[in-house]
Amino acid sequence: MAVKKKPTVAIVMGSKSDWPVLEYTYNTLKEFGVEATVKIMSAHRTPHEAADFAENASKNGYKVIIGAAGGAAHLSGVLAGHTTLPVIGIPVKGWALDGMDSLLSTVQMPKGVPVATVAIGKAGAINAAILAVQIMALSSAPLKRKLTAYKKNMAAEVLAADAELQAELGA
């Protein structure tokens with residue numbers, strides 16, 4: 001029987017409605033063989049639970065926390081305020097301002113409480129996973145190898161697309 005690896009990344013979203021975006025984070029981490037826990041917590045509706053989770057995250061084996069929320073989007077900041085682990089914030093499109101409100105709420109942190117903020121939506125969800133892998137690859141040779149292969153594959157896809165375009169153009 002295979003032993004299940006313990007999750008090293010926590011994905012915390014403010015609402016279940018954020019899952020269609022955060023699913024990209026979860027699946028990207030899986031591509032790298034990184035196990036993740038996915039939780040729903042609110043900076044405003046379950047602040048004690050969010051604080052407790054963040055305060056105990058390191059003790060529970062997590063290396064990185066990824067927080068995502070829409071609207072006021074204070075979740076990542078609350079998590080960062082209660083841990084020394086790196087926190088990556090994903091702004092999610094909410095009900096107003098097409099996600100700009102979430103972006104500004106996530107990125108505007110006071111000194112001493114950093115949140116590494118990525119793009120709004122799907123691109124940010126994928127980049128949050130990649131950034132988590134990059135952080136953990138600093139102390140993991142297998143992750144570093146997977147990350148190097150991932151970057152080489154991206155470059156090969158771009159070069160192949162260029163070659164295809166050049167052939168279409170008759171260059």
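Bear in mind that the values in this text are calculations on the coordinates, not laboratory data. Computed from a predicted structure; not experimentally measured. Here the Cβ positions follow ideal geometry from the backbone for every residue, glycine too, while neighbour counts run over all protein chains shown.
A few notes on this one:
- If you take the Cα centroid of segment 92-127 and the Cα centroid of segment 129-160, the two points sit 23 Å apart.
- Kirkwood-based shape ratio for the chain, expressed as Rg/Rh from alpha carbons: 1.05
- In this structure the amide hydrogen of GLY89, modeled in the peptide plane, comes within under 5 Å of the amide hydrogens of GLY67, ALA116, THR117, VAL118, none closer than 5 places in sequence on its chain.
- Leading residue at positive end of dipole, the chain (Cβ point charges), from LEU131, GLY61, GLY170: GLY61
- Dipole magnitude for the chain: computed about the Cα centre from +1 point charges on Lys and Arg Cβ and -1 point charges on Asp and Glu Cβ, it is near 720 debye.
- In Hz, Karplus ³J(HN,Hα) per residue of segment 157-166 (6.51, -1.76, 1.60; θ = phi - 60°; x = Gly, Pro): 5, 5, 5, 5, 5, 5, 4, 5, 5, 4
- Candidates ALA57, ALA68, ALA156: whichever shows maximal mean-square fluctuation once the chain is modelled as a Gaussian network with Cα springs under 10 Å: ALA156
- Altogether, the Stokes-Einstein calculation at 20 °C and 1.002 mPa s, with the Kirkwood radius of segment 76-171 over Cα pairs as Rh, returns a diffusion coefficient of 136 µm²/s.
- Computed from the alpha carbon atoms alone, the convex hull of segment 44-93 holds 60 Å³ per residue.
- On full extension, the segment bounded by ALA167 and HIS48 gains 36.9 nm, given 0.36 nm per residue less the C-alpha separation.
- Build a GNM of the chain with springs between Cα atoms under 10 Å apart, and of SER105, SER42, SER140 the one that fluctuates most is SER140.
- Taking each of LYS4/LYS93; LYS111/LYS152; LYS30/LYS93 in turn, the alpha-carbon distance tops 31 angstrom for LYS4/LYS93; LYS111/LYS152.
- Rel. contact order, % - alpha carbon contacts under 8 angstrom, at least six apart, the chain: 20 percent
- Considering only LYS30, LYS151, LYS63, the mean-square fluctuation computed in a Gaussian network model of the chain, springs between alpha carbons under 10 angstrom, is largest for LYS151.
- Here VAL87, VAL64, VAL113 are placed in order of increasing Cβ neighbour count within 10 Å, fewest first, which gives VAL113, VAL64, VAL87.
- Residue-by-residue Karplus 3J(HN,Hα) for segment 24-35, coefficients 6.51, -1.76, 1.60, Hz, glycine and proline x: 5, 5, 4, 5, 5, 4, 4, 4, 8, x, 9, 7
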